[in-house]
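The values are calculated or read from the model by the stated rules, or taken from the named source; none is laboratory data. No experiment lies behind these values; they were computed from the predicted model shown. All Cβ positions, glycine included, derive from the backbone under ideal geometry; neighbour counts span all protein chains shown.
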Amino acid sequence: MYQQIFIDRNDELRFLLDRYHSQKPECIIIYGRRRVGKTTLLTQFLNKARGFYFLASEEGSALNISDFAHYAGEYLHDPDFERGSYPDWKAVFQALISHRRFAPPDGEKVVIVIDEFPYLISRDKATPSIFQKIWDQILAHEPVMLIISGSSVSAMESEVLAYTSPLYGRRTGQWQVEPLPYPYLRQLLPYSEHDLMLTWCILGGIPAYIRLFNPERSFWENVEEQILTKGAYLYSEAELLMHYEFREAGNYISILRALVSGHTTLSAICQATGLDKGMVSKYLAILSRMQLIRDEAPVTAHAGFRRRHYRLYDPYLTFWFRFVYPRRAETETGQVSAVLQSIQDSIAPYCGEMFEILIEDLIRRGILFPDTTYSRLGRWWQNEIEIDIVGLDEQTGTALFCECKWSELSIRDARAVITALKEKAENVRWRDGKRIDRYALVAKEIHGKERLRDEGYHVIDLHDITLLSERFLADKNR
């Protein structure tokens, strides 16, 4: 049941198959951060389609063209194709299209996957222009489906998807592969709901990270072995990711460290990092586009609201920069047990922050409170007053006010939280007197929750999330 090779990605696979069966040539862009599962998705797709996969390298055009010819030759069942002389990319594509065995049966296409396309660009900045000409002059008139894929989100967005890119306008579709939704973690690990939550809080939904956890080990044993041990993959993955994505990795690292230290405004980040305001603004915009951080304003704020907060939303990076990076001197000298104990002693407040982010995501996906779709959803604050999650439904005039508590609550404690929530909600200026207010509380465990539900409050704990997650997976599998 656990450590399955291919989980979810039904929507992505359906998208690719629909484009494969279309009546025109397709140029599809697939991108997403490292280890999110793009290669597995493309491999699964090629099991259902006709074509071949090529993984680019940083070895330069000549070697990449030679490797591409090798896989093209395998597809053509022609070993002589690999031994051909191809001075450039255009030549090898022209030879491929002209080959007697290239043409697929009527109604089908040949899928050509070029993975890690940014590697080609890093060695030759003219690569996007070269492939624009290949598409316009060769592939756009043939029964092909060209898939350009890459893990460097920043490079894909700036060099392939941007308006200034030569490839802009050539693509016929694009898809950003995102982390797995939380309910799928239970298909990878045999943990309790509590430990699945802890796992999400430090790994998020990145499939390759989750698969590193040994299902026969406890959660904390896996943390020690896979994250805190020198040489383990997740021990250095965060730093490698920064250097993979960014030329000025050190500046990005400084900004993320500032964010996890509680510096959440532009001025505070500038002060903490010593970087220029314009430079920090540029870096924050890039991190936001990559969905690693979120640029937040109160959910009721107007578009021009200036006092915005920035929040690191990626669980793995947040955990790593908060708990691993500052203690590397100790882990490097073999004090792993002491570092682990320190994390265990201080993990609760961190989990409280990540729990809030997860609950918002579950609401957004319709897993929690599926009867209403909120057009605006997020945090709300005013002066010293803050509400964890506020959802506004413009169509029905419904306002959801939700507090998240990573703790076990008695019915008395739960009532106190809800009472305080109702008082805070009175400060939210939205359709005053003409809205339907809903009050919700989500916690690890809530005693007496049925009595609170009878009183009209929406209360959910981990037991309910188990049931709702299983229902979500059952609906997806129908």
| query | Which one of LYS444, LYS476 is in contact with a strand residue (DSSP E or B) (Cβ under 9 Å, 6 or more places away or on another chain) and basic (Lys, Arg)? | reply | LYS444
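What residue, of LEU284, LEU317, is of a type in the set (A, V, I, L, M), free of Cβ contacts under 8 Å to residues at least 60 places away in the same chain and either within 30 Å of ALA425 (Cβ to Cβ) or assigned to a helix (DSSP H, G or I) (or both)?
Working: LEU317 fails: free of Cβ contacts under 8 Å to residues at least 60 places away in the same chain.
After ruling out the rest, the residue left standing is LEU284.
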| said: For the range 117-130, give me the residue count where each residue is out of contact with any helix residue (DSSP H, G or I) (no Cβ under 6 Å at 6 or more places or on another chain), in contact (Cβ under 8 Å) with a residue 40 or more places away in the chain and surrounded by fewer than 20 Cβ atoms within 10 Å (Cβ to Cβ). | reply: 2
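Out of VAL442, VAL417, I need the residue that is closer than 21 Å to MET197 by Cβ, touching a residue at least 24 places away in the same chain (Cβ under 8 Å) and either touching a helix residue (DSSP H, G or I) at 6+ places or on another chain (Cβ under 6 Å) or aromatic (Phe, Trp, Tyr) (or both). Which one?
Residue meeting the stated conditions: VAL442.
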| query | Right, LEU377: part of a strand (DSSP E or B) and among the aliphatic types (A, V, I, L, M) or not? | reply | yes
| task | Out of TYR163, TYR184, report the one residue that is under 24 Å from PHE45 (Cβ atoms) and of a type in the set (Phe, Trp, Tyr). | result | TYR184
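So, TYR244, is that one at pLDDT below 95 and aromatic (Phe, Trp, Tyr) or not?
On the way: at pLDDT below 95: yes; aromatic (Phe, Trp, Tyr): yes.
Against the criterion (at pLDDT below 95 and aromatic (Phe, Trp, Tyr)), TYR244 qualifies.
Would you mind finding the one in ALA258, ALA272, ALA249 that is surrounded by fewer than 20 Cβ atoms within 10 Å (Cβ to Cβ), of a type in the set (A, V, I, L, M, F, W, C), in the same structural domain as TYR313 (by TED's automatic domain parsing) and modelled with pLDDT of 95 or more?
On the way: ALA258 fails: surrounded by fewer than 20 Cβ atoms within 10 Å (Cβ to Cβ); ALA249 fails: modelled with pLDDT of 95 or more.
After ruling out the rest, the residue left standing is ALA272.
For the range 193-200, state whether one or more residues are of a type outside the set (Val, Ile, Thr) and under 14 Å from the mean Cα position of the chain (by Cα). Even if it seems obvious, please write down each step before you answer.
The initial filter retains those residues of the range 193-200 that are of a type outside the set (Val, Ile, Thr), namely 193-198, 200.
This time we only want the ones that are under 14 Å from the mean Cα position of the chain (by Cα), so: 200.
Within the range 193-200 (the criterion being of a type outside the set (Val, Ile, Thr) and under 14 Å from the mean Cα position of the chain (by Cα)), the answer is yes, since at least one residue qualifies.
Can ARG294 be described as in a strand (DSSP E or B) and either in contact with a helix residue (DSSP H, G or I) (Cβ under 7 Å, 6 or more places away or on another chain) or charged (D, E, K, R) (or both)?
When the stated conditions are applied, ARG294 passes them.
Could you grab me the full set of residues in the range 12-42 that are under 29 Å from LEU317 (Cβ atoms) and of a type in the set (D, E, K, R)?
Of the residues in the range 12-42, the ones under 29 Å from LEU317 (Cβ atoms) are 12-13, 15-16, 28-42.
Within the range 12-42, GLU12, ARG33, ARG34, ARG35, LYS38 qualify.
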| Search result, residues across the range 224-257 that are more than 21 Å from the chain's Cα centre (by Cα), touching a residue at least 24 places away in the same chain (Cβ under 8 Å) and more than 24 Å from LEU275 (Cβ to Cβ) | GLU224, LEU228, THR229, LYS230
| field | Unmet criterion (only one of (1) buried (at least 18 other Cβ atoms within 10 Å of the Cβ); (2) within 17 Å of GLY378 (Cβ to Cβ)) for ALA301 | value | (1)
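Conditions tested, residue by residue: (1) within 25 Å of SER22 (Cα to Cα); (2) modelled with pLDDT under 95.
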{"site": "ASP88", "(1), (2)": "no, no"}
{"site": "ALA95", "(1), (2)": "yes, no"}
{"site": "ALA103", "(1), (2)": "yes, yes"}
{"site": "GLY107", "(1), (2)": "yes, yes"}
{"site": "VAL110", "(1), (2)": "yes, no"}
{"site": "ILE114", "(1), (2)": "yes, no"}
{"site": "LYS125", "(1), (2)": "no, yes"}
{"site": "LYS133", "(1), (2)": "yes, no"}
| note | When the range 207-243 is checked residue by residue, the ones that are of a type in the set (A, V, I, L, M, F, W, C) and in a helix (DSSP H, G or I) are ALA208, ILE210, PHE219, TRP220, VAL223, LEU234, ALA238, LEU240, LEU241, MET242
| request: Please go through the range 323-338 and pick out each residue that is in a helix (DSSP H, G or I), surrounded by fewer than 21 Cβ atoms within 10 Å (Cβ to Cβ) and either under 17 Å from the mean Cα position of the chain (by Cα) or not polar (S, T, N, Q) (or both). | output: TYR325, PRO326, ARG327, ARG328, ALA329, GLU330, GLU332, VAL336, ALA338
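Counting only residues that are in contact (Cβ under 8 Å) with a residue 40 or more places away in the chain and surrounded by 19 or more Cβ atoms within 10 Å (Cβ to Cβ), which one in the range 199-210 is farthest from ALA329 (Cα to Cα)? Step through it out loud before you land on a result.
Kept after step one, since they are in contact (Cβ under 8 Å) with a residue 40 or more places away in the chain, are these residues of the range 199-210: 200-204, 206-209.
Now restrict to residues that are surrounded by 19 or more Cβ atoms within 10 Å (Cβ to Cβ): 200-204, 206-207, 209.
On the way: TRP200: 26, CYS201: 24, ILE202: 21, LEU203: 22, GLY204: 26, ILE206: 27, PRO207: 29, TYR209: 23 Å.
The qualifying residue farthest from ALA329 (Cα to Cα) is PRO207.
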| request: Considering only residues that are part of a helix (DSSP H, G or I) and among the acidic types (Asp, Glu), look in the range 173-198 and name the one that is surrounded by the most Cβ atoms within 10 Å (Cβ to Cβ). | output: GLU193
| message | Can you pull out every residue in the range 131-149 that is more than 14 Å from LEU96 (Cβ to Cβ), surrounded by fewer than 22 Cβ atoms within 10 Å (Cβ to Cβ) and touching a Lys or Arg at 6+ places or on another chain (Cβ under 7 Å)? | response | GLN132, LYS133
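Residue-wise test of (1) at pLDDT below 95; (2) not aromatic (Phe, Trp, Tyr); (3) not assigned by TED's automatic domain parsing to the domain that holds LEU234.
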site: ALA348; (1), (2), (3): no, yes, no
site: CYS351; (1), (2), (3): no, yes, no
site: ILE387; (1), (2), (3): no, yes, yes
site: LEU392; (1), (2), (3): no, yes, yes
site: THR396; (1), (2), (3): yes, yes, yes
